[in-house]
1. For the chain, what % of the accessible area comes from carbon and sulfur atoms, probe 1.4 Å?
2. Let me test this: with uniform point scatterers at the alpha carbons of region 77-170, what is the Debye-based log₁₀ I(q)/I(0) at q = 0.16, 0.17, 0.21, 0.23 1/Å?
3. With a 1.4 Å probe and every protein chain left in place, work out the accessible area per residue of region 68-178 in Å², rounded to a whole number.
4. HN-Hα J couplings of region 140-151 from phi, Karplus 6.51/-1.76/1.60, θ = phi - 60°, integer Hz, Gly and Pro as x?
5. Would you kindly derive the ³J(HN,Hα) couplings of region 106-111 from the backbone phi angles with the Karplus curve 6.51 cos²θ - 1.76 cosθ + 1.60 (θ = phi - 60°), listing them in order in whole Hz, with x for Gly and Pro?
6. For the chain, state the average projected area of the convex hull of the C-alpha atoms over all orientations, rounded to one decimal in nm².
7. How high is the relative contact order of the chain? Use alpha-carbon pairs under 8 Å, at least six apart in sequence, and give a whole percent.
8. Once you charge only the Cβ atoms, +1 for Lys and Arg and -1 for Asp and Glu, what is the size of the charge dipole of the chain about its Cα centre, to the nearest 20 debye?
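The values are calculated or read from the model by the stated rules, or taken from the named source; none is laboratory data. Just so it is clear, the model here is predicted, and its values are computed rather than measured. Note that each Cβ is placed from the backbone with ideal geometry, even for glycine, and that neighbours are counted across all protein chains shown. The area values use the complete protein model at the heavy-atom level, side chains included, leaving out ligands, DNA and RNA. Shrake-Rupley method; radii C 1.70, N 1.55, O 1.52, S 1.80 Å.
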Amino acid sequence: DRGHDRPPPPGKLKRQTEMSVLLTSMLSVATVTNGLLAGAFFVFSCAVVPGLRRVDDHTFVRAFQTINRAILNGWFLSIFITAPITGVACAAFSVWWNAPFPPALICTAAGGSLLTFIITAAKNVPLNTQLDRATCGNPEEIRAARQAFERSWGRWNFVRTLASVVALGCLVIAEISI
């Protein structure tokens, strides 16, 4: 008998159980927050952007300026920040501890979540700011503001939508693999 059949000491078992609960809870938070972001960006890709493509320049610019201001609220920002933080935390803990879910899936999810955050911060937000600050005193300026914004913003939104859907898919698969 080399001790292989003995249960772990009670203190170690309790720590393992607590860590498992912590990791599973963190995975659930990451899944929900990344799912909310993926859904928001998906709605923009499938409905908001195509719908606004059909309106005149003035309506497009005013609508996007209004949306861009409205989205800067505590609810959205808390989800926007929590999603990548919990994704990365899950990845780190899944690598360092014996996580009850596949670390490769969680690392891929964390990468997708971080990419979503980076694209939004580096591409979409500056375009939002540029549109918000655009001089729109006459139809030519309004048209120019739209042209400088629409195509680029739509492309980056599509890319961040894909990244966030990949993150969500990996997190969901990890959740059901527990």
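1. 66 percent
2. For region 77-170, the Cα-only Debye profile gives -0.69, -0.74, -0.95, -1.05.
3. Values: 5990 Å² over 111 residues.
Normalised by residue count, the accessible surface of region 68-178 is 54 Å².
4. Ordered by residue, 3J(HN,Hα) equals 5, 5, 5, 4, 5, 4, 5, 5, 6, 9, 4, 5 Hz.
5. Running phi through 6.51 cos²θ - 1.76 cosθ + 1.60 with θ = phi - 60° gives 5, 5, 5, 4, 4, x Hz.
6. Working: hull surface 47.4 nm².
Quarter of the Cα hull surface area: 11.8 nm².
7. On the way: 172 pairs, mean separation 60.0, N = 178.
It comes to 34 percent, rounded to a whole number.
8. Working: 16 positive and 10 negative charges, 21 e Å.
It comes to approximately 100 debye.
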